[in-house]
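K.L.:
Below is a structure I'd like to ask you about.
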Amino acid sequence: MKTRHTLMAAAALATFQLAAVFTPVVAEEFPTRPVSLVVPWPAGGAYDLAARLMAEYAPEAMSQPLVVTNVTGAAGSTGVRHVADAAPDGYTVGMMGTHAIAQSYMNPNATPLDELEPLVFIGPEPASLAVGDDTGIESIEEYLELLRDMPGGIVNGNDSPGGFSYIAASMLENRFDVDLTKIPYQGYAPTVSALLSGEVMSVTLPIPLLADQHAAGAVRLLGVAAEERHPFAPDVPTFKEQGFDFIAEDFFMLYLPQGVPEARRDRLEQLFYELLNDDGFLQEASELGLVITPMARAATESYLNQRSREVHAILEESGLLSD
């Protein structure tokens, strides 16, 4: 009997030890099928470029494809809701920025931030101010003087209300006490086309989308709304260098719907963080004009909370908060 009890105890111990070894292995096997990365803007913009570059390197990092899906509409709100409503199994990841924060405050039907789970920070994306070459505007000072003389006299291309380039334009109006005529477009690519065609006079977009046209003389970049110049347009000074204290920064961040199991969430954090630090990825991202400064989940959540407070203050000052 003693021998039997000893054998049973040994078997139970072996089972426990096997489970302790096997459980992490199961977690490590995730994901076992393609992961969807939802971009809330049309193809061709900075979000889409970053997502597709990540998809290129994903199989090396996670041994599974990363499938980019553009779910557009409502200034990014449609894509955010798509992710929030997805099955919380870790196979749907979203990319968000300032638009998701703004919409949560501006649109009562938009997804609240507490329905989203921050995962990994990708990097910042400062705005710039650019004008069409045929406007004859040569500097920020001339741009502002025209607006002071003729309120609404400059037609600016931007996102729908709540998108980052709309917020950047609104920030510019508030900071310098001027009024633009703001025309909304669904995404950055059509906004650039509108500037090139002369449909609008100016845009408030990230530098990488305009650097080539600026170098070719098709558009004129007047200033970068950041602390430092952008490597894609080193000849363009910041607003601060020109005597104007103005910074407007978007960002890229990955997130999940609430309720993803902790083991899968941790695994995705690890995989994406490693991907974003891959030397090959970083090199190609730099060539695309993307600034990559990865942060893990805890730091990402802190950034989101801080940025949320800042955006709320901007929207409140602009009278854009929903009742």
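The values are calculated or read from the model by the stated rules, or taken from the named source; none is laboratory data. Since this is a predicted model, take the numbers as computed values, not measurements. Ideal geometry is used to build each Cβ from the backbone, glycine not excepted, and the neighbour counts take in all protein chains shown. Heads up: the accessible areas ignore ligands, DNA and RNA and are worked out on the full protein's heavy atoms, side chains in. Shrake-Rupley method; radii C 1.70, N 1.55, O 1.52, S 1.80 Å.
K.L.:
If I compute solvent accessible area with a 1.4 Å probe over the protein chains, what percent of it on the chain is carbon and sulfur?
P.N.:
53
K.L.:
Taking θ = phi - 60°, what integer Hz values does the Karplus form 6.51 cos²θ - 1.76 cosθ + 1.60 yield along segment 150-156, in sequence order, with x for Gly and Pro?
P.N.:
Values per residue, Gly and Pro as x: 9, x, x, x, 10, 8, 10 Hz.
K.L.:
Another question about this same structure. Find the accessible area per residue for the chain; the probe is 1.4 Å, ligands and nucleic acids are left out, and the unit is Å².
P.N.:
Solvent-accessible surface per residue comes out at 44 Å².
K.L.:
Looking at the chain, send over the antiparallel percent of its DSSP beta bridges, to the nearest 5.
P.N.:
Restricted to the chain, the bridges split so that about 60 percent are antiparallel.
K.L.:
While we're here: Work out the FRET efficiency for Glu287 and His312 from their Cβ-Cβ distance, taking R0 = 51 Å, and round it to the nearest 0.05.
P.N.:
0.90
K.L.:
Among [x] 46, 20, 16; [y] 33, 21, 19; [z] 35, 23, 20, which one is semi-axes √(5λ) of the Cα gyration tensor in Å computed from these coordinates?
P.N.:
Structure-derived value, by its label: [x].
K.L.:
Measure nothing fancy, just the Cα-based angle from helix 46-62's long axis to the longest principal axis of the chain, in degrees from 0 to 90, nearest 10.
P.N.:
The two axes meet at around 20 degrees.
K.L.:
Under 5 Å between amide hydrogens, which residues at least 5 positions from Thr69 or on another chain qualify, with H placed 1.01 Å from N in the peptide plane?
P.N.:
Answer set, sorted by chain and number: Leu37, Val38, Val39.
K.L.:
Hey, another quick one. Tell me, which longest segment in the chain has none of the GluC sites (Glu not before Pro) that fall in DSSP loops with at most 13 further Cβ atoms within 10 Å?
P.N.:
Value returned for the longest uninterrupted segment is 1-137.
K.L.:
Counting only helical runs of four or more DSSP H residues, what would the 222 nm mean residue ellipticity of the chain come to if each run contributes -39,500 (n - 2.57) and the total is spread over all its residues?
P.N.:
After summing the helix terms and dividing by residue count, I get -14500 deg cm²/dmol.
K.L.:
Which angle between 0 and 90 degrees, to the nearest 10, do you get for helix 262-276 versus the longest principal axis of the chain when only C-alpha atoms count?
P.N.:
50
K.L.:
Between Asn174 and Ser63, what is the spin-label point distance in nm, taking each point 7 Å from the Cα along the Cα→C-beta axis?
P.N.:
About 4.9 nm, to one decimal.
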